[in-house]
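Engineer: Sharing a structure with you now.
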Amino acid sequence: MAGRGAVIVIVAGVAGSGKTTVGRLLAGRLDCEFEDGDLLHPAANVAKMHAGVSLTDADRWPWLRVVGEWMDQRISAGSSAVVACSALRRAYRDALLDGRPDARLAFLEISRAVATARLAGRHGHFFPARLLDSQFRDLDPPGPAEHAIVIDASQPAAAMAAEIISRLGGD
């Protein structure tokens, strides 16, 4: 990213795609702050997901506003940062990117089978594997007009982080 100013990278994708793992690696390599967007959910959203209930747009919009506010704080400070956020629908991604020209989207594309296998091995997270179907149902994959960095999420996390860095620098 030589010659680039501060940038905010949104690492997006369904549960199990590696958003948090890749986001942490990416932030470490870029020497910037990382935030797991899951930690920005209000308690009611966490309780709902923990109970196996899918979130609705009414649940997600206030959370997405908080994610956007977190991004704006870093942008105002001139600081690069990475945030993991599912951003499943185009409208969500548009809301996070609109008016933030220094924000970029890296979307981790994964098959249902690989995501299911990863979630089966994940413990201690409030998102139960049984909600994965709802994520794929709600998913609106990024199209060419979004200029997203789409990454094959079946590869190792280190390779995904390296590819994101390479593609950020190649804009």
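Engineer: Based on a Kirkwood Rh over C-alpha pairs, give the Stokes-Einstein translational diffusion coefficient of the stretch 1-114 at 37 °C and viscosity 0.692 mPa s in µm²/s. Can you show the working numbers first?
Structural biologist: Values: Rh = 14.5 Å.
D = 226 µm²/s.
Engineer: How much of the accessible area of the stretch 1-96, in percent, comes from carbon and sulfur atoms when a 1.4 Å probe is used? Spell out each step's value before the answer.
Structural biologist: Numbers: 2140 of 4030 Å².
The value for the stretch 1-96 is 53 percent carbon and sulfur by accessible area.
Engineer: Can you list, bin by bin at 5 Å, the percent of alpha carbon pairs in the stretch 27-78, starting at 0?
Structural biologist: 4, 17, 24, 20, 13, 10, 8, 2
Engineer: For the chain, with a Gaussian network of springs between Cα atoms less than 10 Å apart, report the residue from ASP38, ASP57, ASP133 with the top mean-square fluctuation.
Structural biologist: ASP57
Engineer: Okay, next question. With n ≥ 4 as the cut-off for DSSP H runs, can you work out [θ] at 222 nm for the chain, using -39500 (n - 2.57) per run divided by the number of residues, rounded to the nearest 500?
Structural biologist: Working: 7 runs with 78 residues, N = 171.
The per-residue figure over the chain is -14000 deg cm²/dmol.
Engineer: Enumerate the amide H contacts of ALA81 below 5 Å, restricted to partners 5 or more residues apart or on another chain; note that Pro and chain-start residues carry no placed amide H.
Structural biologist: Close amide H contacts, sequence-distant or interchain: VAL7, ILE8, VAL9.
Engineer: Let me ask another. Compute a Gaussian network model of the chain, connecting alpha carbons closer than 10 Å, and tell me which residue from VAL83, VAL53, VAL22 fluctuates the most.
Structural biologist: In the Gaussian network model the winner is VAL53.
Engineer: If you don't mind, there's one more thing I want to ask. Can you work out the Karplus-derived ³J(HN,Hα) for every residue in the stretch 112-119? Use 6.51 cos²θ - 1.76 cosθ + 1.60 with θ = phi - 60°, whole Hz, and x for glycine or proline.
Structural biologist: 4, 4, 5, 4, 4, 5, 5, 5
Engineer: Using the Karplus curve 6.51 cos²θ - 1.76 cosθ + 1.60 with θ = phi - 60°, what ³J(HN,Hα) values do you get for each residue of the stretch 23-32, in whole Hz, with x for Gly and Pro?
Structural biologist: x, 5, 4, 4, 4, x, 6, 8, 6, 9
Engineer: I want the local charge near ILE8. Using Cβ-Cβ distances under 11 Å, sum +1 for each Lys or Arg and -1 for each Asp or Glu among the other residues.
Structural biologist: Values: positive: ARG74, ARG100, ARG104; negative: GLU33, GLU35, ASP72, ASP102.
Taking every Cβ under 11 Å from that of ILE8, the sum is -1.
Engineer: Something else about it: Rounded, prolate or oblate: which fits the stretch 42-171, taking a ≥ b ≥ c as square roots of the Cα gyration tensor eigenvalues, rounded meaning a/c under 1.5, else prolate when a/b beats b/c?
Structural biologist: oblate
Engineer: In the Gaussian network model of the chain, springs joining C-alpha atoms below 10 Å, which of ALA47, ALA15, ALA153 carries the largest mean-square fluctuation?
Structural biologist: Answer for the Gaussian network model of the chain: ALA47.
Engineer: Could you work out the relative contact order of the chain? I mean the mean sequence separation of Cα pairs under 8 Å and 6+ apart, divided by the number of residues, in percent. All intermediate terms of the calculation are to be shown ahead of the outcome.
Structural biologist: On the way: 257 pairs, mean separation 66.5, N = 171.
Once divided by the residue count of the chain, the mean separation gives 39 percent.
Engineer: For the stretch 49-88, how big is the tail of P(r) above 12 Å, as a whole percent of Cα pairs?
Structural biologist: On the way: 509 of 780 pairs.
Pairs farther apart than 12 Å: 65 percent.
Engineer: State, as an integer percentage, the relative contact order of the stretch 20-117 based on alpha-carbon contacts under 8 Å between residues 6 or more apart. Walk me through the numbers on the way to the answer.
Structural biologist: Details: 61 pairs, mean separation 33.7, N = 98.
Answer for the stretch 20-117 is 34 percent.
Engineer: Right, something else. Can you work out the accessible area per residue across the chain, with the rest of the protein chains kept in place, probe 1.4 Å, in square angstrom? Before the final figure, lay out the partial values.
Structural biologist: Working: 7980 Å² over 171 residues.
Accessible surface, normalised per residue, equals 47 Å².
The values are calculated or read from the model by the stated rules, or taken from the named source; none is laboratory data. Everything quoted here is computed from the prediction, not taken from an experiment. With ideal geometry, Cβ positions are generated from the backbone for all residues, glycine too; neighbour counts draw on all protein chains shown. Ligands, DNA and RNA are stripped out before the accessible areas are found, and what is left, the full protein with its side chains, is counted by its heavy atoms. Shrake-Rupley method; radii C 1.70, N 1.55, O 1.52, S 1.80 Å.
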